[in-house]
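A quick write-up on the structure given underneath.
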Amino acid sequence: MFWTREKLYEEIYNLIVDCCLSISPDAKDLLQQSLKKETNETAKSMLQTILDDVEMAKKLNKPVCQSPGFGTVYVSFGKNANLEEIKDIKEIYAQAIIKATKNGYLRPSMVHPLTRKNPGDNSGIGVPNFEFNFIPEQEYVEHILSFKGCGAELGNAMKIMTTAMLGKNYVGFKKFVIETALAAGGKPCPPYAIGIGIGGQMDIACKLARQAVSIRDWRDSNPDPLMKELEIELCDKINSLKIGAAGTGGNTSCLAVKIETVSTHTAILPVAISFHCWVARRGGLRLYPDGKKEILFRGN
Amino acid sequence: MMKEVKLSTALKEEDIRDLRIGDVVYINGIICTSRDMGHLKMIDVTEKKEKLPIDFQGGVIFHAGPVVKKQGEKYEVIVIGPTTSIRMEPYSDFIGGLGVKAIIGKGGMEEGTSEALKKYGMVYLQAPPGCAVVLGEKVEQIENVFWLELGVPEALWVLKVENFGPLVVGMDSEGNSIYRDIRIKGKKLIEKMF
């Protein structure tokens with residue numbers, strides 16, 4: 001077995017640190033594009049400061065943002081995967097996060113949800129969160145780690161809509177998304193990306209929303225023509241509200257909208273909206289059985 | 001016209017009342033972090049008629065929690081940036097009463113804060129969101145830390161800063177708010193969209 005526990009630990013620790021020190025290239029590219037298009041002076045200054053921050057983080061070997069957000073790891077594997085390479089990963093991530101915290105890359109931010117007690121090292125039940133997916137023909141084990149900021153979570157919304165609420169041309173759905181973005185204003189650290197999960201039940205829509213904005217390239221094009229159209233329309237309409245970078249006005253508050261759907265019951269239309277701040281701390285590993293390795297969402 | 005202003009702590013009420021939304025501010029001197037638990041603790045201490053660890057007259061509260069490293073007995077800031085201010089909305093009148101003259105954060109605050117800004121002559125300053133390296137470099141040193149038992153993010157960190165900014169006046173002491181203006185215009189735009 002090539003991917004021993006020691007080798008996995010090293011890869012995972014390096015991935016965590018790298019995610020703290022830089023944002024994914026898609027987010028950086030979209031931020032640069034929005035600065036070029038910006039006409040509002042305050043927003044220009046905010047966007048320039050954001051891009052300076054990204055550069056300085058790299059130069060000084062410091063985390064891009066003080067808040068580590070909350071980590072989720074998306075793990076997928078195929079039918080030929082060696083379970084020995086997967087069985088310890090929850091423990092490995094948890095330990096590597098504690099080490100990265102001790103080394104000053106992650107602020108100790110995980111607390112008990114009710115007592116609010118902070119153990120001081122980002123340890124805790126369910127930290128990080130894991131989503132496992134079985135894709136029979138996949139030849140590699142894939143991990144995508146996403147530290148998603150929690151200021152952005154304060155803007156999130158979830159609604160069980162109905163056929164009547166949906167209305168003609170999906171106007172009810174569109175209004176729900178755009179009104180949620182207006183209410184969120186500058187809270188989710190704009191320019192942000194938005195993940196939208198539609199379908200299933202409450203839990204399914206929420207997980208899809210988080211996943212859409214975490215594992216998709218923010219510049220990709222949805223293969224489903226209707227979703228592609230909706231993604232572009234919603235992004236444009238949100239930007240037309242002129243919330244701007246930092247929420248103090250400007251042309252770009254939304255870098256991308258990513259929609260994922262699954263079927264639902266005829267009685268309901270679950271819609272979940274998940275904001276992701278510009279600080280796209282995510283990265284992935286594709287580990288092949290022969291030791292070959294691909295790195296995803298990195299390289300800034 | 002938008003202006004750029006450099007201010008030193010302790011802040012003077014007349015300087016703050018001069019600021020208008022859109023102005024850009026840089027701060028020199030002492031600022032103090034506080035977030036959800038820190039504010040609750042301040043209220044608790046005050047209600048018990050005990051003394052707060054620092055004097056907030058002319059003071060600045062920064063909604064933030066740093067990444068720090070302990071070097072010997074002293075802490076050093078690695079990075080620090082703003083947290084979402086709306087969570088601290090219930091405490092604006094209380095901190096105004098303590099003599100705080102500026103709140104630094106992100107995302108803006110609501111009407112209760114707008115009232116407190118008018119009443120006490122305070123201002124809300126929007127920091128560049130997520131820009132913890134840029135802002136962290138403007139922290140010269142940690143002067144003191146209190147209530148560390150609340151955890152690193154929630155403790156009261158007293159920071160000496162130089163040229164701390166750029167900070168945009170998001171809400172001023174005349175009751176103006178960039179965030180409110182955007183929301184009102186946005187509602188009208190949505191009505192016309194479909």
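The values are calculated or read from the model by the stated rules, or taken from the named source; none is laboratory data. Predicted, not measured: the structure shown is a model, and the values here were computed from it. Note that we place each Cβ from the backbone using ideal geometry, even for glycine, and neighbour counts take in every protein chain shown.
Points worth noting:
- Of the residues A:S263, A:S214, A:S253, the single one that is away from chain B (no Cβ under 14 Å), hydroxyl-bearing (S, T, Y) and within 17 Å of the chain's Cα centre (by Cα) is A:S214.
- Single condition A:M165 does not satisfy, out of (1) of a type in the set (A, V, I, L, M, F, W, C); (2) out of contact with any Gly (no Cβ under 8 Å at 6 or more places or on another chain); (3) not assigned by TED's automatic domain parsing to the domain that holds A:A81: (2)
- Matching residues in segment A:177-199 - criterion: being crowded, with 20+ Cβ neighbours inside 10 Å and more than 9 Å from chain B (Cβ to nearest Cβ): A:V177, A:T180, A:P191, A:Y192, A:A193, A:I194, A:G195, A:I196, A:G197, A:I198
- Identity of the residue in segment B:113-147, aromatic (F, W, Y) and away from every other protein chain (no Cβ under 14 Å), that ends up surrounded by the fewest Cβ atoms within 10 Å (Cβ to Cβ): B:F146
- Here the condition is being of a type in the set (F, W, Y), in contact (Cβ under 8 Å) with a residue 40 or more places away in the chain and more than 28 Å from B:I184 (Cβ to Cβ); of A:W218, A:W278, it holds for A:W218 alone.
- Here A:I97 meets each of (1) buried (at least 19 other Cβ atoms within 10 Å of the Cβ); (2) touching a Gly at 6+ places or on another chain (Cβ under 9 Å); (3) in a loop (DSSP other than H, G, I, E, B) with one exception, condition (3).
- Residues satisfying the stated conditions in segment A:10-43, i.e. within 14 Å of chain B (Cβ to nearest Cβ), free of Cβ contacts under 8 Å to residues at least 60 places away in the same chain and touching a helix residue (DSSP H, G or I) at 6+ places or on another chain (Cβ under 8 Å): A:L35
- Filter pass, B:P153 being within 12 Å of chain A (Cβ to nearest Cβ), closer than 20 Å to A:D52 by Cβ and buried (at least 23 other Cβ atoms within 10 Å of the Cβ): no
- Comparison of A:A246, A:A280 shows that the only residue that is touching a helix residue (DSSP H, G or I) at 6+ places or on another chain (Cβ under 6 Å), within 13 Å of chain B (Cβ to nearest Cβ) and at negative phi is A:A280.
- B:L98 under 15 Å from the mean Cα position of the chain (by Cα) and aliphatic (A, V, I, L, M): yes
- If you check B:S92, B:S8 for being of a type in the set (S, T, Y) and under 14 Å from the mean Cα position of the chain (by Cα), only one passes: B:S92.
- Residues of segment B:138-194 classified as of a type in the set (V, I, T) and farther than 29 Å from B:K51 by Cβ, total: 6
- B:K160, sole failed condition from (1) surrounded by 18 or more Cβ atoms within 10 Å (Cβ to Cβ); (2) within 15 Å of the chain's Cα centre (by Cα); (3) in a strand (DSSP E or B): (1)
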